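The structure under discussion appears below in the form of structure tokens.
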Amino acid sequence: MARSSVLRNAGWLWLVASIAVLVVGFRQAIFLVPTEATMGNVQRIFYYHLPHAILGLVFPYVNFLASLAFLFWRHRDPLKALTADALAVAAAEVTVLYVGITLATGMLWGKPAWGIWWAWDARLTSELLLWLLYVSYLLVRRFSMSGQTGVLAAVLSIFAAIDVPIVFMSIRWWRTQHPAPVFGEGGSLDPSFYPAVLWNLAGWAMWGILILTFRFALERRRQLNEQEEALRAIEASLEIPK
Amino acid sequence: MTWQTFFDFSTMGHRHLIFVYAGVWLVQLGYLTWIALNWRKSTRN
């Protein structure tokens, strides 16, 4: 069987598995875990908010590592650098998606729970800043005319990655409107809620890997087509006119 | 919670719960569809 056919089948299988895990997660979150005592059913927003928030802090590091690889290889091995660049752009888009969903679901939860859509506390502000940094990263890639777009974007990616630990630590370093950590050691989350959290975390992680890989493949195809067009243009320019 | 109470639009909390669950799926599937459409458009040379 051809390699592309095996990859296509693996992609379909991964999509089906992701949806299956997400269906289990939905069932756990809506129908099976007990209703939280103080907030009631609106607390079930948490099971979609938390996985996106966690993964929104993981994908920036894929972008960061790919950007470092791009800077390392851009003179040593330009073909490898192009591959790293494709992974960086895919990870940046998925970051914007996941962080954007985190902000939106947080606001939709905040209004009924706190009575306000937004508070300028350290967690919310640093998360918004993270989203804006990756939006600006994509805008630089889209509109920069410098001829050094890859380098500019990679350097911006390094600055953007600095915000990730600040977002993570913000609820530990400062008193915020956003709740303190609820998961892990010292967390206030009752173990009866764990299945909904873990199934949804697994499901949205699998989904994220799927869209990251698919977007990466699309970017690689775009790069290869661009290279072939450039080669054809050079060949055409070398032809002797009759 | 049941399907009936899930689709209860009477309070803000319930409305926002549905907006989150429907909205997240809509946005995620929308992005996947956008990639798939571009994939189909960009045939390999």
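The values are calculated or read from the model by the stated rules, or taken from the named source; none is laboratory data. Owing to the predicted nature of the structure, the values given are computational and were not obtained by experimental measurement. Cβ: placed from backbone, ideal geometry, glycine included. Neighbour counts: every protein chain shown.
Might you let me know whether the stretch A:124-140 holds any residue that is more than 26 Å from A:Val197 (Cα to Cα), among the β-branched types (Val, Ile, Thr) and touching a residue at least 24 places away in the same chain (Cβ under 8 Å)?
yes
Only one residue in A:Val24, A:Val6 is of a type in the set (A, V, I, L, M) and over 22 Å from A:Ala196 (Cβ atoms). Which one?
Only one candidate qualifies: A:Val6.
Quick one: A:Ala69 ticks every box in (1) more than 10 Å from every other protein chain (Cβ to nearest Cβ); (2) under 21 Å from A:Arg215 (Cα atoms); (3) in contact (Cβ under 8 Å) with a residue 12 or more places away in the chain; (4) under 17 Å from the mean Cα position of the chain (by Cα) bar one, so which box is it?
Answer for A:Ala69: the failing condition is (4).
What is the one condition in (1) more than 9 Å from every other protein chain (Cβ to nearest Cβ); (2) in contact with a helix residue (DSSP H, G or I) (Cβ under 8 Å, 6 or more places away or on another chain) that B:Leu37 does not satisfy?
(2)
Every residue in the stretch B:1-18 that is surrounded by 15 or more Cβ atoms within 10 Å (Cβ to Cβ) and either within 7 Å of another protein chain (Cβ to nearest Cβ) or touching a residue at least 40 places away in the same chain (Cβ under 8 Å) (or both), please.
B:Met1, B:Phe6, B:Gly13, B:His14, B:His16, B:Leu17
Table: residues versus (1) part of a helix (DSSP H, G or I); (2) without any contact (Cβ under 8 Å) to a residue 24 or more places away in the chain; (3) within 14 Å of chain B (Cβ to nearest Cβ); (4) surrounded by 12 or more Cβ atoms within 10 Å (Cβ to Cβ).
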site: A:Met145; (1), (2), (3), (4): no, yes, no, no
site: A:Asp163; (1), (2), (3), (4): yes, no, no, yes
site: A:Val167; (1), (2), (3), (4): yes, no, no, yes
site: A:Tyr194; (1), (2), (3), (4): yes, yes, no, yes
site: A:Asn200; (1), (2), (3), (4): yes, no, yes, yes
site: A:Ala205; (1), (2), (3), (4): yes, no, yes, yes
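Quick one: A:Ile54 ticks every box in (1) farther than 26 Å from B:Phe19 by Cβ; (2) of a type in the set (Val, Ile, Thr); (3) away from chain B (no Cβ under 13 Å) except a single one, so which number is it?
(1)
For the stretch A:3-41, how many residues are in a helix (DSSP H, G or I) and surrounded by fewer than 16 Cβ atoms within 10 Å (Cβ to Cβ)? Spell out how you get there, then give the answer.
Narrowing the stretch A:3-41 to residues in a helix (DSSP H, G or I): A:3-32, A:41.
Narrowing further to those that are surrounded by fewer than 16 Cβ atoms within 10 Å (Cβ to Cβ): A:3-13, A:16-17, A:19-20, A:23, A:27, A:31-32.
Looking only at that region, the number is 19.
Only one residue in B:Leu26, B:Leu32 is at the interface with chain A (Cβ under 7 Å from one of its Cβ atoms), within 18 Å of the chain's Cα centre (by Cα) and under 16 Å from A:Leu22 (Cα atoms), so which one is that?
None of the others qualify; the one that does is B:Leu32.
Quick check: is even one residue across the stretch A:119-133 more than 10 Å from chain B (Cβ to nearest Cβ), over 23 Å from A:Val58 (Cα atoms) and outside any helix (DSSP H, G or I)?
Going through the stretch A:119-133, the residues more than 10 Å from chain B (Cβ to nearest Cβ) turn out to be A:119-133.
Of the ones still in play, those that are also over 23 Å from A:Val58 (Cα atoms) are A:119-120.
With outside any helix (DSSP H, G or I) added as a condition, the list becomes A:119-120.
Scanning the stretch A:119-133 turns up at least one residue that is more than 10 Å from chain B (Cβ to nearest Cβ), over 23 Å from A:Val58 (Cα atoms) and outside any helix (DSSP H, G or I).
Can you work out which of the residues in the stretch A:86-109 that are among the small types (Gly, Ala, Ser) and surrounded by 20 or more Cβ atoms within 10 Å (Cβ to Cβ) is farthest from A:Arg222 (Cα to Cα)?
Out of the qualifying residues, it is A:Gly106.
Conditions tested, residue by residue: (1) aliphatic (A, V, I, L, M); (2) closer than 25 Å to A:Met107 by Cβ.
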| position | (1), (2) |
| --- | --- |
| A:Thr149 | no, no |
| A:Ile158 | yes, no |
| A:Ile166 | yes, yes |
| A:Trp173 | no, yes |
| A:Val197 | yes, yes |
| A:Trp204 | no, yes |
| A:Phe216 | no, no |
| A:Arg222 | no, no |
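Please verify whether the stretch A:87-107 includes one or more residues that are farther than 25 Å from A:Trp204 by Cα and not β-branched (Val, Ile, Thr).
No, because not a single residue in the stretch A:87-107 is farther than 25 Å from A:Trp204 by Cα and not β-branched (Val, Ile, Thr).
For the stretch A:128-143, how many residues are among the charged types (D, E, K, R) and crowded, with 16+ Cβ neighbours inside 10 Å?
Total satisfying the criteria: 1.
For the stretch A:42-118, please list each of the helices (runs of 4 or more DSSP H) lying entirely inside it that holds at least 1 residues being among the polar types (S, T, N, Q).
Hits in the stretch A:42-118: A:59-76, A:78-114.
For the stretch A:48-91, which positions are over 19 Å from A:Ile166 (Cα atoms) and hydroxyl-bearing (Ser, Thr, Tyr)?
A:Tyr48, A:Ser67, A:Thr83, listed by residue number.
So which residues in the stretch B:25-45 are modelled with pLDDT of 95 or more and either of a type in the set (Ser, Thr, Tyr) or under 17 Å from A:Pro112 (Cβ atoms) (or both)?
B:Tyr31, B:Thr33
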